[in-house]
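Trainee: Okay, here's the structure, questions in a sec.
The values are calculated or read from the model by the stated rules, or taken from the named source; none is laboratory data. Note that this is a predicted model, so its numbers are computed, not measured. Don't worry about glycine lacking a Cβ; one is built from the backbone with ideal geometry, like all the others, and counts go over all protein chains shown.
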Amino acid sequence: MGDLQQILGCYFHQDWMSDADTWEEQLENIAREEAPVRLQRALHELEDLLLRKLSEQDLVSVVSRDLSCDFYPPGAGLSYVAWLEGVRDFLRRTISQAKPL
């Protein structure tokens, strides 16, 4: 999970709220700062992760340990799977808007 870990671990560090007020705003920061190719690779890794249909408890471990991500979805009223699906949907929209017509 190289690119996904780089993005989520880097942008959702323990002090990420000093950079953004909401997790959605932090995703906007990611979209502005990261290359489309990196976003595409991270999206593929995230889609593969979601296809594994891990339990919520397993996702807690993957997000915090494997992805080095300090975002806590329940604090935003979301499950880990719902948050990851939200990140996936954001990346899909961002990538599709970046493609030339």
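Trainee: Just to verify a result, which residue in the stretch 1-15, among those that are modelled with pLDDT of 90 or more and touching a helix residue (DSSP H, G or I) at 6+ places or on another chain (Cβ under 6 Å), is farthest from Asp48 (Cα to Cα)?
Mentor: Keep residues of the stretch 1-15 that are modelled with pLDDT of 90 or more, which gives 2-15.
In the following step, the residues that additionally are touching a helix residue (DSSP H, G or I) at 6+ places or on another chain (Cβ under 6 Å) were identified as 3-4, 7, 11.
Working: Asp3: 13, Leu4: 11, Ile7: 16, Tyr11: 21 Å.
Among those residues, the one meeting the criterion is Tyr11.
Trainee: Moving on. May I ask you to list pairs of residues, at least six apart or on different chains, whose Cβ atoms are under 7 Å apart, with the first in the stretch 39-63 being of a type in the set (S, T, N, Q) and the second being part of a helix (DSSP H, G or I)?
Mentor: Going by the 7 Å Cβ cut-off, the qualifying pairs are Gln40/Ile95.
Trainee: Within the stretch 52-61, does at least one residue satisfy the condition of being closer than 18 Å to Asp3 by Cβ and out of contact with any helix residue (DSSP H, G or I) (no Cβ under 9 Å at 6 or more places or on another chain)?
Mentor: Going through the stretch 52-61, the residues closer than 18 Å to Asp3 by Cβ turn out to be 52.
Restricting the remaining residues to those that are out of contact with any helix residue (DSSP H, G or I) (no Cβ under 9 Å at 6 or more places or on another chain) gives none.
No: the stretch 52-61 contains no residue that is closer than 18 Å to Asp3 by Cβ and out of contact with any helix residue (DSSP H, G or I) (no Cβ under 9 Å at 6 or more places or on another chain).
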